Amino acid sequence: MSMASPTEIAVLIIIAVVMFGPEKVPQYARKAARVFHYLRNIANNTRDHLREDLGPKYADLEIQDLNPKNFVRKYVLEEFREDIDGIKSDLSDVRDDITDVRSDLRSATGDAVDAVDDARSSASATSVAVAERTIPTPFDLEAT
């Protein structure tokens, strides 16, 4: 939650004095403080009821955790963190194996693979250049 700077608070006070007059500003400030206190109590009571209803697993529940992204990240993904890390390491091993096989293949075939790669890159560059020239940019007059 962001806090207002002292200059912003001063500007708000000056605006309030000009709008409501100096005699009504304290009255409205008290009312605003009561509303703020009441809303904070509602939020705290709601959080406490959620903690009680969800059980001890969610005892450290905060209001920010009710955001679906934060809730999933904190409570669901943590249970699968070890599995995810294991899958990542397995994929890393597979990537290393593929790199090794590719380097072995390159050393075994020599310049033939380089020639094929060069031909592919020049052909794809030519097809991209041709595709860029033939496809017109879509433009909808009604959308602007």
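Does Tyr28 count as of a type in the set (Phe, Trp, Tyr) and over 30 Å from Asp65 (Cβ atoms)?
In short, yes.
Out of the residues in segment 17-49 that are modelled with pLDDT of 85 or more and basic (Lys, Arg), state the one that is farthest from Glu62 (Cα to Cα).
In this case the residue turns out to be Lys24.
Looking at (1) out of contact with any Lys or Arg (no Cβ under 6 Å at 6 or more places or on another chain); (2) not basic (Lys, Arg); (3) not in a helix (DSSP H, G or I), can you tell me which one Phe36 breaks?
(3)
The values are calculated or read from the model by the stated rules, or taken from the named source; none is laboratory data. Owing to the predicted nature of the structure, the values given are computational and were not obtained by experimental measurement. A quick note on method: Cβ atoms are made from the backbone with ideal geometry, for glycine too, and the neighbour counts reach across all protein chains shown.
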